[in-house]
Amino acid sequence: MLSRRTILGSVAVLGVGLIATAVAFAQGMGGHGRPAMMKRVASAIIDEALEPANVTPEQRLKIYAARDRVFASMEAQRQTRGAHMGEALALFEADSVDPGRLAAFRTAREAEHRQIADTITQAITDVHDVLTPVQRKAVTDWVRANRPGHGG
């Protein structure tokens, strides 16, 4: 049975890479090269975190597949961002706020965010299942030593 600490540490590992990706996509994804750059940065963080775990090529392929599903989910959301901004601006500049349209707008954005969160949750589960307990410990140790903003 895995300890709670091991499970939470494993979640933190993927969280670093995947949340870094989510933040990168959410903040300023203007320009054609920026999404590709952010994918490279997130991928490098994931690779660096996996290094001490000595993952096999087969494990790495499965981890990359989970990562790529997260990237695809975020890219799909990014593609519709301009239309959503137009809709938000139209709601705002109207003579009066239509509570029904505003609620529908909010519900749709929340559904998109839930979909991304569900994809990240599944990716964390998939990577957890791919790694052995010893590998998960190596990765969580790397995260603890290197997490941004915490002296790492």
Within segment 46-65, work out how many residues are touching a residue at least 60 places away in the same chain (Cβ under 8 Å), within 12 Å of VAL130 (Cα to Cα) and polar (S, T, N, Q).
1
Segment 122-152 - residue that is surrounded by 11 or more Cβ atoms within 10 Å (Cβ to Cβ) and among the acidic types (Asp, Glu) and, of those, nearest to LEU91 (Cα to Cα)
ASP126
If I ask for residues that are more than 19 Å from the chain's Cα centre (by Cα) and either modelled with pLDDT of 95 or more or part of a helix (DSSP H, G or I) (or both), which ones from segment 132-152 would you list?
THR132, PRO133, VAL134, GLN135, LYS137, ALA138, ASP141, ALA145
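The values are calculated or read from the model by the stated rules, or taken from the named source; none is laboratory data. All figures in this text were calculated on a predicted structure; none of them were measured in a lab. Reconstructed Cβ throughout: ideal geometry from the backbone, glycine too, with neighbour counts over all protein chains shown.
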